[in-house]
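Undergrad: I'd like to ask some things about the structure below.
What follows draws every value from the coordinates through simple rules; no lab data is involved. Everything quoted here is computed from the prediction, not taken from an experiment. Cβ coordinates were reconstructed from backbone atoms using ideal geometry, including for glycine residues, and neighbour counts include every protein chain displayed.
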Amino acid sequence: MAGQHPAQDPDPAVNAYDYPKVVLNPDGTFPCLLDDPKSPAVPDPDQPFAVRSKDVPLNPTHDTWARIYLPRLPSPLDQKLPIIVYYHGGGFVYLSPSSTRIHDYCCLMAAKLSTVIVSPSYRLAPEHRLPAAYDDAVEALRWVGTAEEEWLREHVDFSRCFLMGTSAGGNIAYHVGMRMSAAAADLEPLVIRGLILHHPFFGGSKRTESEVRLFNNPILPVNGTDLMWELALPAGADRDHEYCNPMARDRPEEWERMRTMGWRVVVAGGGGDPLIDRQRELTAKLEAKGVQVVGLFGGDGDYHTVEMMEAAKAELFLEKLKGIV
């Protein structure tokens, strides 16, 4: 439970429920009070934006939808673009594709990488615990390959698809990749070329050195992540559940399929992020299994999701991705 930590934990500097600003109601619900500014889509071709965007429904039963981003390019109209299916972060409990920080980042990626972006929503915890988010993410990916959506059909090269996510979205991209490595043929004409795990959100029962050292990190306090995992994992699951800890059990078949299909996996993180040790550990494991993996790790001043907060850092990160996407 939140507030119950191993003996080596420092004294918490903040109440876990202050991050991500949730309140425990007497009826067991957890309303999120986080200030989450929204940005509308901009589908109008007459608007002077470098990237157009529009919202499309996915599954009315689950109230899921996606925002598509289409860059304006001087290239020939018949030139097809790669596609990134981008899963937003928020600890599985908050944010959406319309959140301003998500919208702005997707616009920047679409413009700088000359790529179509599809950013799908997914059901949030604790009302919908994992694997609901994974199920919705897979459904969205299947939709991308089969939808008669004009922007996708006219502008996307479906043979160049990358799965990407930030924080909890990076966790989702990883688990979707694991699932779909065994069902790649079912996605045709969509062909996955790799995963981009941007500051992926993982955990485990035993604290890492970086989690202890950066326990009271102001951007991502570790007791706050404890609470998010408590809200997101299946009822009764511990922190070594495979959804949380990718090192909890070997995935030889999935990793071998990633290797033989030639997927490239990018794992990006910051030295000032409590999660950095887990991100490095996953990178080392994939490399040991022969997967083409690229670790992009910043210094101690690079905090969790720094590229979404600092424009200069974003420019550097996206410049590195240009040779991959």
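Undergrad: Among the aspartates and glutamates, which fall within straight-line cross-link reach of K54, defined as a Cα-Cα distance under 13 Å, with same-chain neighbours fewer than 8 residues apart omitted?
TA: Cα-Cα hits under 13 Å: D44, E149, E150.
Undergrad: Which order results if L316, L296 are arranged by neighbouring Cβ count within 10 Å, fewest first?
TA: Taking fewest neighbouring Cβ atoms as first place, the list is L316, L296.
Undergrad: Follow-up. Classify segment 266-317 as rounded, prolate or oblate, taking a ≥ b ≥ c as the square roots of the eigenvalues of its Cα gyration tensor: rounded when a/c is under 1.5, otherwise prolate if a/b is larger than b/c and oblate if not.
TA: Oblate shape, in that a/c is at least 1.5 and b/c is the bigger or equal ratio.
Undergrad: Additional query: Which lysines have a Cα less than 27 Å from the Cα of K285, not counting those fewer than 8 places away in the same chain?
TA: K206, K313, K320, K322
Undergrad: Roughly how tilted is helix 132-146, in degrees to the nearest 10 and between 0 and 90, from the longest Cα axis of the chain?
TA: Around 10 degrees separate the two axes.
Undergrad: Can you figure out the FRET efficiency of M261 with I324, using R₀ = 22 Å and their beta-carbon distance, to the nearest 0.05?
TA: Once rounded, the FRET efficiency stands at 0.90.
Undergrad: For the Cα atoms of the chain, what angle does the longest principal axis make with the long axis of helix 168-180, in degrees from 0 to 90, nearest 10?
TA: 70 degrees
Undergrad: Let me know the Rg and Dmax you get for segment 75-139 when you use only its Cα atoms, in Å.
TA: Both quantities, over Cα of segment 75-139: 13.9, 46 Å.
Undergrad: Which value at 222 nm does the chain reach when only helices count, each DSSP H run of 4 or more adding -39,500 (n - 2.57), with the total divided by all residues and rounded to the nearest 500 deg cm²/dmol?
TA: About -9000 deg cm²/dmol.
Undergrad: Rounded to two decimals, what is Rg over Rh for the chain when you use alpha-carbon atoms and the Kirkwood radius?
TA: Rounded to two decimals, Rg/Rh equals 0.95.
Undergrad: Let me ask something else about it. To test your reading of the geometry: what angle, between 0 and 90 degrees and rounded to tens, separates the Cα axis of helix 276-288 from the longest principal axis of the chain?
TA: Helix 276-288 sits at roughly 60 degrees to that axis.
Undergrad: Among L227, L113, rank each residue by its count of other Cβ atoms within 10 Å, from fewest to most, as a rough exposure measure.
TA: L113, L227
Undergrad: By counting other Cβ atoms within 10 Å of each Cβ, how are F202, F49, F317 ranked from fewest to most?
TA: Starting with the residue having the fewest Cβ neighbours, the order is F49, F317, F202.
Undergrad: Per residue, how big is the convex hull around the C-alpha atoms of segment 190-325? Give it to me in cubic angstrom, could you?
TA: 128 Å³
Undergrad: Follow-up. Under a crude label model (7 Å from the Cα following the beta-carbon direction), how far is D157 from D238 in nanometres?
TA: 4.8 nm
Undergrad: So what does log10 I(q)/I(0) come out to for segment 206-273 at q = 0.15, 0.18, 0.23 Å⁻¹, using the Debye formula with one equal point on every Cα and no solvent?
TA: Summing over Cα pairs of segment 206-273 leads to -0.69, -0.91, -1.10.
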